[in-house]
Each structure stands twice: as C-alpha cells, then as structure tokens.
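The values are calculated or read from the model by the stated rules, or taken from the named source; none is laboratory data. Nothing here was measured: the structure is a model prediction, and the numbers come from that model. Using ideal geometry, Cβ is built from the backbone for each residue, glycine included, and neighbour counts are taken over all protein chains shown.
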Amino acid sequence: MSLFPIFSPASASIATVTYISTNQDEVNRTNYTFSSQGIGTAAADRKVVVVINASGGTTNDITGCTIGGSTATEEQSSGLQGETRMAIYSLNSVSSGTSADIVFTQGGSAGVVMIAVFAVYGASDTKNASGTQKGGSGFSPSIDLAVPANGGIVAGSCSAFSSGASGNAVSFTNITERVEYGGDPVGDSGFVGGAASDAYENAATISVNSAFAGGNSSTVGCAVSYGPK
C-alpha cells in the first residue's frame with residue numbers, strides 16, 4: 001500500500017456555446033429594448049453574449065448594452081460602415097433567470113436592428129481574441145480568429161442593400177449559422193443579418209467568413225472567441 005496520497009489530475013473545463021433567441025425591430029429608435037428576451041438556462045458560470053446588427057442612419061454607432069439592468073462589456077465593435085454597424089457584448093456570471101430585458105443604445109436612430117442571444121458555459125471571464133472586418137459594395141468579411149482547445153466562437157455579420165431587393169441572404173463558412181433575419185422574402189427592410197457559433201475540441205485558428213447575395217452597399221462582421229475556465 002502506498003504511503004503517499006494519490007491525486008487525480010484536475011479535469012479541464014470545456015466551454016459550451018448555445019444559441020438561445022433572436023429578436024428584431026424595424027421602427028426608428030435610438031434606444032432599443034427587447035423585454036423578457038430568452039437568455040438560456042441559469043448557472044453560476046453562465047455568460048450571456050449578445051450579437052447586435054443594425055442599419056440605418058450614417059452617424060449612429062452602437063454605444064452600449066445592458067442585460068437585465070447590468071452593464072455588459074463590449075467584446076468587439078465594427079464601427080460604422082455606411083449605414084451598417086454591429087457589436088458583440090457579454091455579461092459574466094448571470095446565475096439566475098431564463099429571460100432578461102436587453103437594451104442597447106446608439107448615437108442616433110436606426111431603421112432596422114436584429115439581436116441574437118447566446119449562453120456560454122464553462123468559459124473564461126475574458127475573451128481570448130476578437131476581430132472585425134467591414135467594407136463597401138460586394139464586400140465579404142473574413143476574420144481569422146484563434147480559439148483555444150475546448151473553447152468557442154460567437155460571430156455576426158450584416159449588410160445594407162437596396163430596399164425591396166429580392167434574393168438577399170447571408171451565408172457563413174467555417175462556422176455554423178444559427179439565425180438569420182431580413183433579405184428575401186422580408187426584402188423591404190433593406191437589411192440582412194445573421195449570427196453564428198461553434199465550440200472546438202482542439203485549438204485552431206478559424207477563418208470566420210460571411211457572404212451576401214444581392215446588391216449590398218455596406219457590410220460589417222465581428223467575431224469573438226473564448227477559452228475554457
């Protein structure tokens with residue numbers, strides 16, 4: 001019998017990323033409130049991540065976000081590209097509740113917005129990496145993002161196009177699209193946006209690519225990665 005204690009190696013945390021809910025608004029506003037928005041199953045290590053896509057007005061960048069009344073951290077912002085902008089915000093340790101009011105503010109009103117909400121569990125409190133790309137007509141964002149083993153990525157992309165144009169849609173590669181809003185058959189909003197996510201067993205650098213059909217005038221994309229705790 002050994003006289004020395006035997007210690008089992010500590011189990012490494014594994015981050016999980018779950019798409020929860022989406023919402024949209026096509027009324028011109030500066031502050032957008034999405035009441036009782038789904039935020040996932042409560043847990044001590046739950047991080048709520050919100051992807052915000054917006055279009056309309058050329059000087060009205062996204063300025064902040066609260067989740068359940070608490071100020072969220074800006075993980076990445078695209079800044080303005082024509083009438084289009086997007087940002088990703090997160091809030092750590094959301095240990096209670098399955099829904100919350102999500103509010104975001106801008107420098108002025110926007111014509112159409114979309115949010116996508118993700119619940120991330122077992123992830124570090126701070127991001128591993130983030131990035132953005134933006135461009136004019138026909139631009140397709142491609143963001144190379146490092147993700148640690150047992151980590152995950154949340155991303156979004158949106159584009160403005162001629163109001164009423166048909167056949168517009170967003171497509172992601174190297175990452176799984178979770179939700180999309182606008183385009184055909186909605187069409188008349190002059191906007192299409194989407195969000196994507198994945199978790200990864202092995203460390204890698206992922207090219208988060210998004211592309212749009214139709215005559216886009218301005219396009220932005222953002223992505224953020226998290227490692228395990």
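Condition first: within 14 Å of residue 87 (Cα to Cα) and among the hydroxyl-bearing types (Ser, Thr, Tyr). Now tell me which residues in segment 101-132 satisfy that.
Result: 105, 130, 132.
Condition first: more than 18 Å from residue 117 (Cα to Cα) and touching a Leu at 6+ places or on another chain (Cβ under 6 Å). Can you find one or more residues in segment 54-68 that meet it?
Scanning segment 54-68 turns up at least one residue that is more than 18 Å from residue 117 (Cα to Cα) and touching a Leu at 6+ places or on another chain (Cβ under 6 Å).
So in segment 73-96, with the set limited to residues that are small (Gly, Ala, Ser) and surrounded by fewer than 24 Cβ atoms within 10 Å (Cβ to Cβ), which one is farthest from residue 18 (Cα to Cα)?
Filtering segment 73-96 for residues that are small (Gly, Ala, Ser) and surrounded by fewer than 24 Cβ atoms within 10 Å (Cβ to Cβ), the one farthest from residue 18 (Cα to Cα) comes out as 82.
Residue by residue through segment 42-74, note down the ones that are hydrophobic (A, V, I, L, M, F, W, C) and touching a residue at least 40 places away in the same chain (Cβ under 8 Å). Before the answer, list the steps.
Applying the first criterion (hydrophobic (A, V, I, L, M, F, W, C)) to segment 42-74 yields 42-44, 48-52, 54, 62, 65, 67, 72.
Residues satisfying the conditions are 42, 43, 44, 48, 49, 50, 51, 52, 54, 62, 65.
Could you list all residues from segment 193-227 that are under 17 Å from residue 130 (Cβ atoms) and of a type outside the set (A, V, I, L, M)?
197, 198, 200, 205, 207, 209, 210, 221, 222, 225, 226, 227
Give segment 8-58 a look and list any residue that's assigned to a loop (DSSP other than H, G, I, E, B), of a type outside the set (Val, Ile, Thr), modelled with pLDDT of 95 or more and at negative phi, or say none.
Of everything in segment 8-58, those that are assigned to a loop (DSSP other than H, G, I, E, B), of a type outside the set (Val, Ile, Thr), modelled with pLDDT of 95 or more and at negative phi turn out to be 15, 42, 43, 44, 45, 46.
Considering segment 105-155 alone, what residues qualify as being at pLDDT below 95 and of a type in the set (Phe, Trp, Tyr)?
Matches in segment 105-155: 139 only.
Counting only residues that are of a type outside the set (Gly, Ala, Ser) and surrounded by fewer than 21 Cβ atoms within 10 Å (Cβ to Cβ), which one in segment 97-120 is farthest from the chain's Cα centre (by Cα)?
98
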